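What follows is a short report on a single structure.
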Amino acid sequence: MTSDLFFDTDCLSSFLWVKNENILLQLYPGRIILPQQVFAELQNPRIPHIANTVKTMCANGDISIKQILAKTEEYSIYYDLAVSPPKGQIVIGKGEAAAIALAKTYGGIIASNNLRDIYPYIEKYSLNHVTTGDIMAAALAAGLIDEAIGNTMWTNMLAKKRLLPNLTFSDYLQSRK
């Protein structure tokens, strides 16, 4: 898998909150892209360590920021998702909409935990998708973490109010079998 990953705020912040963004950089070097909307969401002055880490990652070239320009395919998709959806569909968050629009337009992978809001669009646009759990499982498979470290990270993420599907990383791994 060599496609770019377009991160939503929730997935990236899971790693930023527990200061384990190094896992992302090792798994996906040069492939992490933040939509401008996600970058803006992460610049919350009430959470300076996350804002500063993201700025440093950008300055170091570890992640890229991508804007959605008017009159482009991605803008049309973004507008339909975040501003004025077709009848019968709900408005989704700007970060999620931007990540979906960019992943669709550029053939990338969306990295998001918010399946409730985005799953219909993953199916509609036939997008590849990863969650925090998938990324941690990939880190385990790559030998970057062991299961005990994964459980500690998972517990710390839950303590920071990250929404994860299981109580432990071990439970998550078991649920994938």
Among residues of segment 89-140 being charged (D, E, K, R) and closer than 24 Å to Ile23 by Cα, the residue most open to solvent (accessible area, probe 1.4 Å) is Asp134
Scanning segment 159-177 residue by residue, those assigned to a helix (DSSP H, G or I), open to solvent by 40 Å² or more (accessible area, probe 1.4 Å) and closer than 23 Å to Gln26 by Cα turn out to be none
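Per-residue answers, yes or no, for (1) in contact with a His (Cβ under 7 Å, 6 or more places away or on another chain); (2) over 27 Å from Pro165 (Cβ atoms); (3) part of a loop (DSSP other than H, G, I, E, B):
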position	(1), (2), (3)
Phe6	no, no, no
Gly30	no, yes, yes
Leu34	no, no, no
Gln37	no, no, no
Ala51	no, yes, no
Glu96	no, no, no
Ala103	no, no, no
Q. Could you say whether any residue in segment 49-57 is of a type in the set (Val, Ile, Thr), over 12 Å from the mean Cα position of the chain (by Cα) and under 23 Å from Asn128 (Cα atoms)?
A. no
With criteria (1) touching a Leu at 6+ places or on another chain (Cβ under 8 Å); (2) in contact (Cβ under 8 Å) with a residue 60 or more places away in the chain; (3) among the small types (Gly, Ala, Ser), Ala51 comes up short on (2)
Considering segment 141-158, residues that are in contact (Cβ under 8 Å) with a residue 24 or more places away in the chain and under 20 Å from the mean Cα position of the chain (by Cα), and then whichever is surrounded by the most Cβ atoms within 10 Å (Cβ to Cβ), we arrive at Met157
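The values are calculated or read from the model by the stated rules, or taken from the named source; none is laboratory data. Note that the structure is predicted; figures quoted are calculated from it, not measured. Quick reminder, even Gly has a Cβ in these numbers, built from the backbone with ideal geometry, and neighbours come from all protein chains shown. For the accessible areas, the whole protein counts, side chains as well, though only heavy atoms, and no ligand, DNA or RNA atoms are used. Shrake-Rupley method; radii C 1.70, N 1.55, O 1.52, S 1.80 Å.
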